[in-house]
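No value in this document is a laboratory result; all are computed from the given coordinates. Everything numeric in this text was worked out from a predicted model, so none of it was measured. As a convention, Cβ positions derive from the backbone with ideal geometry for all residues, glycine included, and neighbour counts pool all protein chains shown.
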Amino acid sequence: MKKLNLFIVLLPLLGACKFATEPPLPIIPPDSIVITSVTIEVTATTATIKTTVTTSKTTTVTVEYGVSSYANTANATPSPINGSMSVSAKISNLTPNTTYKYRIKAGANYFFGDSTFVTSNQLQIGDTWKNGIVISINPGLLAAPVDLTPTWGVGLNYFAAKEVATKYGEGYRLPDSTEAKLIKKAKDMGILTNFVDPNYDSRGIYLTSTEMTGNTDWVFYIGMHTSLNGWINKGSSASSRAVCSF
């Protein structure tokens, strides 16, 4: 009788069990992180990295990148995440025709990748058009034939350079930070010559028209003889080369 009673009790339990026809949802182990389906889209100056991240707790996702190290960081969107989500990170202001290392970082210590991507090369050697030199074809960008000529002291400040840039023709202006990197690449390849090197600074700083958000007294600069770049006061002296879109 004990066995019969036990059998009768188990029947409704077995009938309610649906694991045989409806598998349970996957369980994410505590503190686990899984990164899959990494794709990357590149242009001459940008890279967009897309991936899927699955995690069991709220986790911040970033992309670390650089030419020789992982010194730079780009935040993913969305971030932070929890569960399984598709995220992407756009890296800007890259140098054309250059190999970059990158890896995806989730949380404090989890890394995925140690891979590379190569930016495309938009530079055209020797083409001239409308009083300028073609250095980019997508989008089309002309550089003035020479640097802006210093009008006082050893170089131009931002305000003077902004006015002088227009002397090359309609549409000429100071480059933004991305365009300045195209100019530097063209210089390194020997496409652009006749550079003004201010005596006060051997780095050959180039002012741009990009203003720091919330602080209009600063602009972005790029060192034409080094890899240095950053923010500099608009009143500082520096050389620059006007550009024009076409």
Inset, instruction - Give, in nm to one decimal, the length gained when the segment between THR60 and TRP129 is fully stretched (0.36 nm per residue of separation minus the Cα-Cα distance). - result: 20.1 nm
Inset, instruction - Using a/c under 1.5 as the rounded threshold, could you call the stretch 31-105 rounded, prolate or oblate? The axes a ≥ b ≥ c are square roots of the C-alpha gyration tensor eigenvalues, and prolate needs a/b larger than b/c, oblate otherwise. - result: prolate
Legend entry - Extended-chain gain in nm, criterion 0.36 nm per residue less alpha-carbon gap, THR46 and ASN97: 17.2 nm
Inset, instruction - Would you calculate the separation in nanometres between label points at VAL146 and ASN82, each defined as 7 Å from the Cα along the Cα-to-beta-carbon direction? - result: 6.4 nm
